[in-house]
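Written below as structure tokens is the structure these notes are about.
The values are calculated or read from the model by the stated rules, or taken from the named source; none is laboratory data. Source: prediction; values computed, not measured. Glycine also receives a Cβ, built like all others from the backbone with ideal geometry; neighbour counts cover every protein chain displayed. These accessible areas exclude ligands, DNA and RNA; they are computed on the full protein's heavy atoms, side chains included. Shrake-Rupley method; radii C 1.70, N 1.55, O 1.52, S 1.80 Å.
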Amino acid sequence: MITDAAPKSFDDELPAKVDVVIVGAGVIGICTALHLAKQKLSVLVCDKGRVAGEQSSRNWGWIRQQGRDAGELPIMIESIDLWETLAGELNEDIGFTRQGIAFAASSDKELAAVESWLKVAEPHQLDTHMLDGKTAAQLLGLSESKVKGALVTPSDGRAEPFVAVPALARHLRHVGGLIKEDCAVRSLDIQAGRIQGVITEHGAVAADAVLCAAGAWSNVLLGNHDIDLPQLLVRGTVARTAPVKGGYDGAMALGNVGVRRRQDGGYTVASGLTEHFVGANSLRYFAKYVPAMRENAGNIAVRFGGDLFGRLFAQRHWSADEPTVFEKTRVLNPEPSTVVLNKIRKALEEHFPDIGAAPFEQTWAGMIDAMPDVVPVMDQVASCPGLFIATGFSAHGFGIGPGAGRVMGDLILGNNPGHDLNRFRYMRFYDGTQMQPGPGL
């Protein structure tokens, strides 16, 4: 993972004007900028902290088509091919490889749940298929007594997030894009109802279009302009193990724990259990999140600790001539949950004894920006011409990053995005659309 303690690597001079400003140097912002720069647009990426400082370097490193929402899947199919292309373009090894992803099941109920996703995959002719218990155990290195079967997609892949996104950022600069770290966008510059640019802590930058790809901070930035984006944060806890001999070289999940082989020979391990810390937005958006909470009740723990007062009474509006919360917290760096780490260890020892025997060499956590229906917003804001949003990827953003970046780049250019984006409209939260959470796989 990357923190604000990391040295500043991207510090381009702030231009007076560009075609597009992107707020947020995570995988979505960097990939969108890369597509635009390749189309010869001038583009500036601003981040209050570090490139990939938050969830883009703290995720599991899965690049998966399997288990995707039906609306996301076509973009994800494009994205994994783009990952392969980009890995060839870069002069750096980002750990991209297609070693497959598997969702294993230890009960008939779990088996039926994973098998149900085949109807989503079928129209796209993916190589996804079911394995019986014996075959799954042999492929994945599991005990036959622990697994009933598995859903596998051999063409799925993995990469090292904390390596990949900065490498993409360096490639962006190589093709002409600008990146400035420690450059908080305090405010959007909106005049006569239209985007004119942004106002950063280092000065104003004029632009014809602005993309909010600010991840966990999108609700805060947009809310200052009364653009209400329903978004809640959940904490995900992750660890990496010491090197493990043998084992599956791809990524797999079983018993609410996921493991992914790393380049260093160990595994990135994590639980499906996330934690939400109650705040003002919890109350403000409660009704919109009820369907997702019902669907994922066993995977969300509600917490009241920490700075509850600050979350309940967070500042909602400010002027651009004063320091903001963005400068106060350059990089969200939450402590990993001891409770979740203990659950991960217990699940590893039960289901993956070889991995479970390996010590944790590092633990960390990240704040995931979750939407009411667990799929992102990828849209332009009709009430504010020139403003675009790509956020709320709900822990699914790393893998889909290059595809989402291409889509957003073409939206900004006024081109046909090539996919049906109705599922990802901003106004779905306010036009009476019923929230239908994506699959919990």
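Rounded if a/c is under 1.5, else prolate if a/b is larger than b/c, else oblate: which is the stretch 265-334, with a ≥ b ≥ c the root eigenvalues of its Cα gyration tensor? Working shown, then result.
Values: a/c = 2.51, a/b = 1.34, b/c = 1.87.
Judged from the Cα gyration tensor, the stretch 265-334 comes out oblate (a/c at least 1.5, b/c at or above a/b).
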**Asked** Just from its helices, what would the mean residue ellipticity at 222 nm be for the chain, if runs of 4 or more DSSP H residues each count -39500 (n - 2.57) and the sum is divided by every residue, rounded to the nearest 500 deg cm²/dmol?
**Response** -8500 deg cm²/dmol
**Request:** Using only Cα atoms, locate the centre of the stretch 209-253 and the centre of the stretch 35-107, then give the distance between them in Å, rounded to an integer.
**Result:** 13
**Unit charges at the beta carbon, dipole of the stretch 205-284: most positive-side option, 222, 253, 211** = 253
**Prompt:** Given the C-alpha centroids of the stretch 128-172 and the stretch 258-310, what is the distance between them in whole angstrom?
**Reply:** 23
**For the stretch 1-73, alpha-carbon Rg and Dmax in angstrom** = 14.6, 44
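Could you tell me what percent of the accessible area of the stretch 224-312 is made up of carbon and sulfur, with a 1.4 Å probe and every protein chain present? Walk me through the numbers before you get to the answer.
Values: 2190 of 3730 Å².
Percent of accessible area from carbon and sulfur atoms in the stretch 224-312: 59.
Give the whole-number value, in cubic angstrom per residue, of the convex hull volume spanned by the C-alpha atoms of the stretch 47-94.
On the way: hull volume 5.6 nm³, N = 48.
Per-residue hull volume (Cα only) is 116 Å³.
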**Asked** Quick one: what does P(r) look like for the chain with 20 Å bins over all Cα pairs, in whole %?
**Response** 27, 60, 14, 0
**Message:** From the C-alpha coordinates alone, can you work out the Kirkwood hydrodynamic radius of the stretch 15-144, in Å?
**Reply:** 17.8
**Prompt:** Got a number for carbon plus sulfur as a percent of the stretch 1-103's accessible area, 1.4 Å probe?
**Reply:** 48
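What are the semi-axes of the equivalent ellipsoid of the stretch 376-441, taken as the square roots of 5 times the eigenvalues of the Cα gyration tensor, listed largest first and rounded to whole Å? Provide the component values of the computation, followed by the final result.
On the way: eigenvalues 73, 58, 20 Å².
Three semi-axes, in Å: 19, 17, 10.
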**Asked** For the stretch 209-254, what is the convex hull (Cα atoms) projected area averaged across all directions, in square nanometres?
**Response** 6.4
**Message:** Can you compute the radius of gyration and Dmax for the stretch 188-326, using only the Cα atoms, both in Å?
**Reply:** 20.1, 62
**Asked** Mind checking the angle between helix 397-413 and the chain's longest principal axis? C-alpha axes, 0 to 90 degrees, to the nearest 10.
**Response** 30
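Could you report the stretch 15-146's accessible area per residue, 1.4 Å probe, as an integer in Å²? Walk me through the intermediate numbers first.
Values: 5150 Å² over 132 residues.
Here the per-residue accessible area is 39 Å².
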**Prompt:** In cubic angstrom, how much convex hull volume per residue do the alpha carbon atoms of the stretch 233-283 span?
**Reply:** 89
**Message:** Using 5 Å bins from zero, what percent of all Cα-Cα pairs in the stretch 99-211 falls into each bin?
**Reply:** 2, 10, 13, 11, 10, 7, 7, 7, 10, 10, 7, 4, 1, 0
**Item:** Placed amide H near residue 187: partners under 5 Å, 5+ positions off or other chain
**Value:** 199
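Just need the relative contact order of the chain here, percent rounded to a whole number, with Cα pairs under 8 Å and 6+ apart.
24
So what's the stretch 76-150 giving for Rg/Rh, alpha carbon basis, Kirkwood Rh from the mean inverse pair distance?
That ratio equals 1.09.
Ratio of the stretch 318-395's C-alpha Rg to 2.2 N^0.38 Å, to two decimals?
Expressed relative to 2.2 N^0.38 Å, the Cα Rg reads 1.69.
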**Item:** Karplus (6.51, -1.76, 1.60) ³J(HN,Hα), θ = phi - 60°, over the stretch 252-266, in Hz, Gly and Pro reported as x
**Value:** 8, 10, 7, x, 6, 10, x, 10, 9, 4, 10, 5, 7, x, x
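Looking at the chain, what % of its DSSP beta bridges pair antiparallel, to the nearest 5? Can you show the working numbers first?
Details: 50 of 73 bridges.
If we restrict to bridges inside the chain, about 70 percent are antiparallel.
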**Asked** In the structure displayed, which of 8/328; 134/343; 245/346; 38/180; 146/343 lie more than 23 Å apart, Cα to Cα?
**Response** 134/343
**Per residue, in Å², the accessible surface of the stretch 300-429 once ligands and nucleic acids are set aside, probe 1.4 Å** = 44
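For the chain, with only Lys/Arg (+1) and Asp/Glu (-1) charged at the beta-carbon, what is the dipole magnitude about the Cα centre, in debye rounded to 20? Before the final figure, lay out the partial values.
Values: 42 positive and 50 negative charges, 130 e Å.
The dipole magnitude comes to about 620 debye.
With +1 assigned to the C-beta of every Lys and Arg and -1 to the C-beta of every Asp and Glu, and no other charges, what is the dipole magnitude of the stretch 1-144 about the Cα centre in debye, to the nearest 20?
Values: 13 positive and 22 negative charges, 49 e Å.
That gives a dipole near 240 debye.
How far, in nm, would the chain grow between residue 116 and residue 13 when pulled straight, counting 0.36 nm per residue and subtracting the alpha carbon separation? Working shown, then result.
Details: separation 103, 0.36 × 103 = 37.08 nm, distance 5.14 nm.
Extending this stretch completely gives an extra 31.9 nm.
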